[in-house]
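Before any comments, here is the structure.
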Amino acid sequence: MDKQIKVIAALAGIALIVTVVLYALFENYSVFQSADKNIKLGGSVAFFFVLFTTEYSFIRNLYSDNLAPIRKALCGKWICVAEVKERQTGQLSTYRGTAEIQQGDIGKITVLGEIEGRSGNWAADEVVLTSSKLVYFFEVPLLELNGVTNLRFTYDKKSPLNEMKGYWILAGREGRGAITFTRTS
């Protein structure tokens, strides 16, 4: 709350300084007066409130984080089941693994995982989160593979987020297919 008061005071100060400078520069033009209707309006005061309101609205939207509850809901351990259709044979294979989604200090999400029966862990290089999608670019260093996974989910504040479904693809390879993440903790 103390930080909010400081931000509001700084915004009011900036708006007041701009208003005073403009009033000093355009003093003769900052008042509307109509003698026959007995109306006198001061433009400087109105300008101050318009500028302050605009600043406040901008700053409030800048610091709001609509994705914070979703990031928190995604954190935990997941079981991953990926299907791969071999291009040459047409055979469908299923791979199981685990993943862990964590949130860092500034809200950054990390995704780490392991494929059962395969050598090498994988880690997300970059994670993109929207209100209904988690996209991450991953690397499996031992196998020298890079890829992207696109998962869709439905977030509801009242119920836990237990499943995500989507697809994955390996860059420069023939690997691609459907993937499902199911929460374990």
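Every read-out reported here was derived from the displayed coordinates using simple, explicitly stated rules and does not represent laboratory data. This is a predicted model, so every value here is computed, not measured. Neighbour counts run over all protein chains shown; Cβ positions are idealised from the backbone, glycine included.
Descending by average beta-carbon neighbour count within 10 Å, the peptides 104-117, 68-81 line up as 68-81, 104-117, the highest first.
Charge tally for residue 126 (other residues, Cβ to Cβ under 11 Å; Lys, Arg +1; Asp, Glu -1): -1. In this structure, the residue pairs whose Cα-Cα separation is over 20 Å, taken from 3/72; 72/158; 85/133; 77/165, are 3/72; 85/133.
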